[in-house]
Each structure stands twice: as C-alpha cells, then as structure tokens.
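One structure below.
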Amino acid sequence: MQQRGHKVRLSLTPAQLVAVDEQGYAARAMWNLLHSWWTMLPKGERTLAAADAAIRQGRKDLPWLAALPAQASQAVLKTYFQAWKNCWDGRADAPNFKARFRSRMAIDIPQGRDLQIVRLNRRWGRMWVPRIGHVLFRWTRDLPVGKRAGKDNRVTGARLVKDADGWHVVFRVQHDVPEPGEHTGPSVGIDRGITKPLALSDGTFREHRPWLTPGETKRLRRLEQASARKRHARKKNEPASKRLRRTYDQIGRLRAKAKRRAVDWQHKTTTSIAETFSRIGVEDLHIPSMVKSAKGTVESPGRNVRQKAGLNRAIAGEAWGRTVTLLEYKAAQRGGIVVRVPAPHTSRRCSACGFITPGSRETQARFVCKNPGCGFEENADTNASRNIDHAAGLAVSGRGAGADGQAEKRQPPTKPHAA
C-alpha cells in the first residue's frame, strides 16, 4: 500500500477566491489561538479533549472563525497535536506562531468521500469544497475516482494550499502497488555540490541552467531594490502600502517560478537515476548545520560573513535534501535502495589507493593523489562520488571501514560500476 500526494492548480471564480481566502485566514488564526491557549495552560491541563472543547467554544463566540468548516477545524487540532508529538520524539522543533508573511495558508479536507471528484474533459476536473461549492481544477493525472476507485485505490483526502501563484489542491492518493522485483542495474555513488549539482561515480554529471533567465534575474533584482526603498520609506508600525504588497507579490511569483523549475529538474533527474541504478550511495549530510550563519556574536564576530551567506544561498537553492528524498522513494518503487554513508573524508580520500594524503585536493575541481605509489588524477567531485559508491558497497555487505576508520586499500577496478 502506498500513499502519495498529487498537486494541481485550482481555477476559482472571484467569489470563490474571497471565500477560500476567508477560510485560509481562519485556519491560520485557529492555529495561533490554539497555540496561545496551549502554551498558557499548565502542563497537567493540556489534553486533546480540552483543546477540542476550546475550539468548539471559539467557533461559537467568533463568527469569523466559524467560516472554517468543522472538519477543517478538527484537522488543525490534529496537525497541531501531531506537531507536538514530533517535537517530543525529537523529529522536529516545537510548533510556533504562524506569521502572516512567513507561513502558507492551508485548508484540510480530511474525508475523500466529501470531494465528489468528477472528470469533465481532458484538461479539467471538478471537486466539492465545503462551504465553497464545486471548484474546477487542472486534470494532469488520472485519479482513482468513479469506477476506478476501490478499497485499495482511492483518494483519501485533500489539502488546499496557497502559493505565490495562487491556490492549489494536493490530493492524498492511496494505491495498491505490487512488490517490485529486484533491480538488476549497476551501482552508483552521487556527490552533491554547487558547481556540479550531481556528480556520479561513472564519470558523468547532472547539471542544469540557472532557474531564472537573465531577464527574469534582472527583473527580480530590480523588484528587490524597489521593495527595499519602499520599506525604508515606511514609518515604524505603519502597515505596508498597496504598492509594497504588490511588489512582494511580484517577487513571490518569480521565486515560485524558479522553484517549480528546480523541482521539475529534480524529479526528472532522480527518476532517470532510479531507473538506471540499483544501489545509490549518497553522503549523510546534516544540511541545517551546513547553512548556519557565520555572523557570530558581538563578543566574537564571525569572519567572511558575506561569502558564507552566498554559499548558504547556493546550497539552499540546490535543495540537496529534497534530491535524496525523491531518490529514496523512487528507488524503492523500482526495487533499488539508497544508502547513506558517513560524509567525513569522502572528498579527501583517493578513490584508487584509498589513502588520504595532504595536498591531494589541489583545487576545488581537481584531485591529484600525492601518494608516491599512486599519482591518480580525477575530477574532485567524481573522485568523491567513487568513494561514496565504495563506502555504500561496504555498508551493504556489512564489512564497513577498518579499525582506524579508513577504508581498506583498493585498486581501481576495471568495471567499477558493474552490478
């Protein structure tokens, strides 16, 4: 059994857009009120039943809060309680206040049977949204509705989300997927980087052009400069002007376009890799630690702060974590596996002799082994990816590294990526 999300664009009339926005604001306010109520109560009184009673009373006392359907209100409570469980289990930080400009509006429809999904033609479908009515959406993939629906193949619910380019719906689709057969393809190691987004151990690279064209980049820079001028002209505690909000919306749409292109490239690239290779080795990176600011404190200020900020933006733009997430589920669907290996020394160790010698990383892009008996030369990213592939093979075979933490010596194989 497999559950996946399918995101498509909604087509709303002006009246429907106003109504959906009201529900989105009510859902965000419901979260914030629930968070304030939860954090003010003593720990002994924080129960799910008490929170449910508080939500019901709030919907009676505040008419604008009642714009959110009852089931969507219960979904806010369940999501908030699950966020605390994730925090207690160490999987996430504690839930906090949802600010207007730093959070995304969302409305949950927990029951799939309430959606009443119908395909109208090749391009459009229709669904039911509580207190809104029938809403059109783009039909981009066949959904298990009507005669195709069953106990194991059905839409279990949906979530309306508002992005910079408008409202979308994310369907939760449940499929009965047969167990995949064993993948017979070769193995590969992948090194994630900035100059070369993905370097594979077979010597190839997966690269992309900038997410925005030169004209779009110039327009984005001009809009950001305009927003900075308007922010400085605004007085303290004064609400943002309509022109400033319009500039923010234009910036958001351009950044959303860049993200759509990045996600599209990642999906296509990871699908190709998962179909080709049976075992995929990647570094087990803790990306939040890598993108921390170097600003430091007043007592001990950081060094090269601007350079580190640029590196952080470049790492965030490549979305390394999302790449691995996509690879993991796509490889599992095809009978392959993704192996995470320790990151230390993968870029400093020679993939031919297995030794780490000072000065081997001559430049950012070139690796030359300084071991007198080796002298191996290779692209630095390709060398790192071959070390990752070798470490993944040791992890799967159960041998691991040596007692001193160094991989065993090895000679360059004739066919290093044969299955």
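Every number in this text was worked out from the coordinates using simple rules, so none of it is lab data. Small disclaimer: the values here were computed from a predicted structure and weren't measured. Here Cβ is always computed from backbone atoms with ideal geometry, including for glycine, and neighbour counts include all displayed protein chains.
Assuming charge only on the beta carbon of Lys and Arg (+1) and of Asp and Glu (-1), the dipole of the chain about its Cα centre is about 2200 debye to the nearest 20. What is segment 11-165's relative contact order, in percent, from Cα pairs under 8 angstrom and six or more apart in sequence? Computed over segment 11-165, the figure is 24 percent. Taking the fewest neighbouring Cβ atoms within 10 Å as the starting point, the ordered list for 191, 108, 114 is 114, 108, 191.
Considering only 303, 334, 28, the mean-square fluctuation computed in a Gaussian network model of the chain, springs between alpha carbons under 10 angstrom, is largest for 303. Taking the fewest neighbouring Cβ atoms within 10 Å as the starting point, the ordered list for 103, 187, 227, 397 is 397, 103, 227, 187. Exposure proxy ranking for 30, 40, based on other Cβ atoms within 10 angstrom of each Cβ and starting from the fewest, stands as 40, 30.
Using equal-weight Cα scatterers in the Debye expression, the normalised intensity of segment 2-175 in log10 at q = 0.17 Å⁻¹ is -1.11. Spatial offset of segment 212-269 relative to segment 25-90 amounts to 33 Å, using the alpha carbon center of each. Counting each DSSP H run of 4 or more residues in the chain as -39500 (n - 2.57), what helix-only mean residue ellipticity at 222 nm follows after dividing by all residues, to the nearest 500 deg cm²/dmol? Rounded to the nearest 500, it is -13500 deg cm²/dmol.
Using a 4.7 Å Cβ-Cβ cutoff, the cysteines of the chain lacking any partner cysteine are 87.
Under 5 Å between amide hydrogens, built in the peptide plane, is the criterion, and for residue 92 it picks out 87 among residues at least 5 positions away or on other chains.
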